[in-house]
1. If each DSSP helix of 4+ residues adds -39,500 (n - 2.57) and the sum is divided by the residues in the chain, what number results at 222 nm, nearest 500 deg cm²/dmol?
2. Can you sort Ile284, Ile337 so the residue with the fewest Cβ neighbours within 10 Å comes first?
3. For the chain, build the charge dipole from Cβ charges (+1 Lys, Arg; -1 Asp, Glu) around the Cα centre, then report which of Pro244, Ala285, Cys187 sits farthest towards its positive end.
4. Report the one residue of Phe68, Leu147, Gln319 whose Cα lies farthest in the direction of the positive end of the charge dipole of the chain (charges on C-beta: Lys and Arg +1, Asp and Glu -1; origin at the Cα centre).
5. With no solvent and one point per C-alpha, what does the Debye sum give as log10 I(q)/I(0) for the chain at q = 0.07, 0.09, 0.14 Å⁻¹?
6. Taking neighbour counts of Cβ atoms within 10 Å as a proxy for exposure, in what order, fewest first, do Tyr179, Tyr247, Tyr279 appear?
7. What span do the alpha-carbon atoms of the stretch 171-355 cover on each of the three principal axes, reported in whole Å from largest to smallest?
8. Can you classify the stretch 220-297 as rounded, prolate or oblate using the Cα gyration tensor, where a ≥ b ≥ c are the square roots of its eigenvalues, rounded means a/c under 1.5, and otherwise it's prolate if a/b beats b/c and oblate if not?
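Each value in this text was obtained by applying a stated rule to the coordinates, not by laboratory testing. No experiment lies behind these values; they were computed from the predicted model shown. Here the Cβ positions follow ideal geometry from the backbone for every residue, glycine too, while neighbour counts run over all protein chains shown.
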Amino acid sequence: MRQRGWQRPGKKVSCAQLLGEVRPPIDTWELAVMIGHHLMNQTPHIAIVGATGAVGIEMIKTLEQRRFPVGQLTLLASARSVGKALQFKGTEVTVKELTKGAFAGIDLALFSAGGSISKEFAPLAVQAGCVVVDNSSAFRMDAAVPLVVPEVNAADVQWHRGIIANPNCTTAITLMALYPLHAAFGCQRIFASSYQAVSGTGAKAIAELERQVDEIVHGRPVTREVYPHQIAFNVLPQVDSFLPTGYTKEEMKMENEGRKIMHHPGFRASVTCVRVPVYRAHSIAVSAEFDKPITAASARAVLEQAPGLKVVDNPAQAQYPLPLYQTGQYNCAVGRIRQDCALDNGLCFWVSGDQLLKGAALNAVQIAEELLKL
Ligand code: 2RA
């Protein structure tokens with residue numbers, strides 16, 4: 001039977017639980033820790049874990065550009081990055097080693113160093129009195145951890161117990177357009193394909209694309225280290241590893257994370273994730289089915305009011321969202337809005353967004369901004 005609602009292993013979780021109405025019992029110590037975590041210093045000492053990675057660097061820039069009231073900034077990374085200096089507000093901040101004791105005195109830690117680092121160090125940071133915003137998949141589906149896109153479910157930040165999860169980039173960008181439509185018309189299911197940039201895999205994948213282009217242009221044999229096939233002048237219908245169902249882990253994040261973020265346990269998503277030879281910004285082509293009748297005009301009217309979203313939709317002038325122009329933008333963009341000819345109450349759209357920003361660093365900083373309001 002098809003599972004309803006997102007799950008943690010061995011335990012079904014209802015929407016009411018997601019909303020924090022039925023939570024695991026809290027003992028006195030845990031309550032004291034929660035209260036401590038909710039009294040956020042208004043000029044917090046912030047740590048960035050994974051500071052030298054692509055997302056870490058964007059986190060530093062985003063804190064500065066959004067004038068986040070950083071009291072002090074500590075940059076943490078693995079031993080091999082120790083001593084590197086990164087710029088923040090015109091001064092150099094030297095990277096320190098991520099150790100078990102690194103979180104003493106830190107109020108808020110933004111993690112983007114992979115799931116295994118998060119699993120090891122985020123609980124230690126919480127024990128040290130720090131609130132963690134985690135960009136990995138380690139805690140996203142944990143019932144005790146809110147999973148937040150501020151434009152969709154900012155209020156979920158209120159029930160955190162020390163860790164708040166940032167969603168997968170493709171999910172976050174899709175929901176920026178899908179959620180306002182769901183709120184207005186009631187979305188039950190989507191069919192989608194993603195077009196994911198190589199920077200989603202990391203610096204080595206960017207280097208692989210550049211190297212392969214150079215090899216091809218100069219007639220040398222193509223070499224490969226990161227992807228199972230040549231990515232230059234090609235597209236790969238695989239992002240992440242395959243599950244027994246034939247979907248990849250990345251593809252199922254849309255349904256599982258979408259259910260939790262939208263508080264919509266019945267949401268269904270059939271997705272094909274595709275890696276494309278684009279440097280930066282992911283795009284998603286979506287066909288969505290709604291409870292209520294929907295037209296391109298009624299959808300456009302909703303999307304034009306949606307926070308963090310720009311409508312770029314003038315096909316006659318060849319205007320639609322392009323990943324090239326979404327790079328470095330905080331807002332996502334939606335276009336190609338049209339009634340779906342194969343679904344009842346269906347709508348097709350194309351949404352594009354910078355996955356290092358809305359899909360990672362910006363979303364994490366927006367969550368931090370919500371924490372300051374508690
Ligand atoms: C990717 N979802 O693009 C990843 C990045 N978080 O592969």
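1. Rounded to the nearest 500, it is -9000 deg cm²/dmol.
2. Ranked by crowding around the Cβ, least crowded first: Ile337, Ile284.
3. Looking along the dipole axis, the top candidate is Pro244.
4. Leu147
5. -0.31, -0.52, -1.25
6. Starting with the residue having the fewest Cβ neighbours, the order is Tyr279, Tyr247, Tyr179.
7. If we take the Cα atoms of the stretch 171-355, the spans are 55, 43, 29 Å.
8. Prolate.
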